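Remarks on the structure that follows.
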Amino acid sequence: MKIIKQTLTIILTFWMVLMAGLVPALATTQTPKFNARATLMVDAQTGQILQEQNADQKLPIASLSKLLTVLVIQDEINHHQLSWQTKIKITPAVGEVANNPEYSNAGLTVGKAYSVKELVTAALIKSADGATLALAGAKGDSTATFNQKLQKKAKQLGVSNATIVNAVGLQNGDLPKSLQVKGVKSSAENMMTASDVAKIASVLVNNEPQLAQIASQPTFTLTGKAGTLATTNKLLTDAAYQVAKVKYTGLKTGTSNAAGYCLATAATYQGRKIITIVLHANGQSDDRFTVTQAMYRWLVRQNLQPQKLALTEDVQNVKVTGGLPTEVNVTAPKLVVWGKQTTSNAAPRMTIKLIKSLARGELLRAPVGANQVIGTVYAQENGIATLDTKGLKAPIETSIPVRQANFFQILWHQIIEDN
């Protein structure tokens, strides 16, 4: 009987070890619940979800809305419709909000002109409502017209079900009459899911370095103001919220009666960019920082490691049109998966999407340089939750240059190869 028990124990132990190797690198169902209505933690570069709690529940987001607003402004700068030096004069309606002590503001003088950079800085660091309204009207847009720009940008980023009332995150009725949207309830305000906000925040930290740098500043100065103005994000200024091995790099606070205390945070850990979202932290204003700190402490305790994920054989090469070689090897050095051990033996399902300007159908158009980003790889792996339904994502790069070639050069190359 003793021998049978020992044998069963050995078999059971072997089975448990075997199954451990098949457990997904990170199962979000094992993560704890935090003291907020919704929370989310993601790898900003791949979109892997590390923790989530009601992340798909649509909730008021207050001034987290300003992340989307500054992305629209950045687009207008990129298309030379505005510049960082463009001066915007403060109208009486904007001044009414900008100098109302009930709102978050930097204090703007009616009739005075401020640069786009100053207003973006005030919007991101001080969460200045007046500065944000001034930006929304920079090109003469009404609130409703700028809302259309916000909706269009949101959809580009994969946010398809957002409620957008204004650029600021205030209720419609909180704005002066001339800035309110007609036919919309006075109690209406911007609403998104934590997943939506994470998509927006990820684009900002990955693709817009100047905005990310501004959002990382603890203080700033404003023309005509004595002294400096401090950030509303205490993670950047209060050592009590620090977490070992984690470096906070931004991002944005949000507060309203309906939204409660919200916070989008950018940080680096294990060499990766991490985004956390807290919607409606329960308690007082500082509890959003406490919840975020608890989320990062949880991540550190898990001892998770970002492991490089090799491209599967079917996506290691991309066919070329109009150039030589006719096929180029690609790599994805930033494609990783978080986990304590590798996932199951089943290979992830990978697909490639080329940048439109570099593609002709599914072919890569020559010429391209070595180590040039030519598109995105998506990897779907069992048990791994991601912001994008296509799976983990990372940029793909060419390993060698592809030179432009004519029909006869390509034909000659193929003849030589065949021989």
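Using a cut-off of 12 Å between beta-carbons, work out the net charge of the residues near residue 244 (Lys and Arg +1, Asp and Glu -1, residue 244 not included). Please report the intermediate quantities before stating the final value.
Details: positive: 245, 247, 297, 301; negative: none.
Result for the neighbourhood of residue 244: +4.
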Magnitude of the Cβ-charge dipole (Lys and Arg +1, Asp and Glu -1) of the stretch 30-102 about the Cα centre, nearest 20 debye, reported as 120 debye
Farthest towards the positive end of the dipole of the chain, among 370, 111, 34 and with Cβ unit charges of +1 on Lys and Arg and -1 on Asp and Glu, lies the Cα of 34
Out of 54, 212, 159 - ranked by how far each Cα lies towards the positive end of the dipole of the chain, with unit charges on the beta-carbon of charged residues - the top one is 54
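How large is the dipole of the stretch 155-282 about the Cα centre if only Lys and Arg carry +1 and Asp and Glu carry -1, each at its Cβ, rounded to the nearest 20 debye? All intermediate terms of the calculation are to be shown ahead of the outcome.
Numbers: 12 positive and 5 negative charges, 30 e Å.
Charge dipole of the stretch 155-282: 140 debye, to the nearest 20.
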So, relative contact order of the stretch 89-185 in percent, Cα under 8 Å, 6 or more apart, is 24 percent
Here the convex hull volume per residue of the stretch 213-273, taken over Cα atoms and given in Å³, is 113 Å³
Here the membrane-span-like helices of the chain, with no claim about any membrane, defined by DSSP H, Cα axial extent at least 15 Å and mean Kyte-Doolittle at least -0.5, are 2-20, 65-78, 194-207, 407-418
Heads up, the stretch 348-389 by the C-alpha gyration tensor (a ≥ b ≥ c square roots of eigenvalues; a/c under 1.5 rounded, else a/b over b/c prolate, else oblate) looks prolate
Of the candidates 229, 180, 275, the farthest towards the positive dipole end of the chain (Lys/Arg Cβ +1, Asp/Glu Cβ -1, centred on the Cα centre) is 229
Expected sort for 200-207, 232-239, 96-103, 245-252 on mean C-beta neighbours within 10 Å, highest first, is 200-207, 245-252, 232-239, 96-103
Trypsin sites (Lys or Arg not before Pro) in the stretch 89-187 lying in a DSSP loop, each with at most 11 other Cβ atoms within 10 Å of its Cβ, come to 182, 185
Length-normalised contact order of the stretch 308-418, Cα under 8 Å, at least 6 apart, in percent, tallies to 33 percent
The relative contact order of the stretch 358-398, taking Cα pairs under 8 Å that sit 6 or more residues apart, comes to a percentage of 42 percent
Within the under-11-Å Cβ sphere about residue 325, not counting residue 325, Lys/Arg +1 and Asp/Glu -1 give a net charge of 0
Once Lys and Arg are counted +1 and Asp and Glu -1 for all other residues with Cβ under 9 Å from that of residue 124, the total becomes +3
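Which values, in whole Å and largest first, are the semi-axes of the equivalent ellipsoid of the chain obtained as the square root of 5 times each eigenvalue of the Cα gyration tensor?
Values: eigenvalues 356, 209, 60 Å².
Value: 42, 32, 17 Å, ordered largest first.
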In debye to the nearest 20, the charge dipole size for the chain, taken about the Cα centre with +1 at each Lys and Arg Cβ and -1 at each Asp and Glu Cβ, equals 380 debye
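None of the figures in this text is laboratory data; all of them are computed from the coordinates on show. None of these values were measured; they are calculated from a predicted model. Quick reminder, even Gly has a Cβ in these numbers, built from the backbone with ideal geometry, and neighbours come from all protein chains shown.
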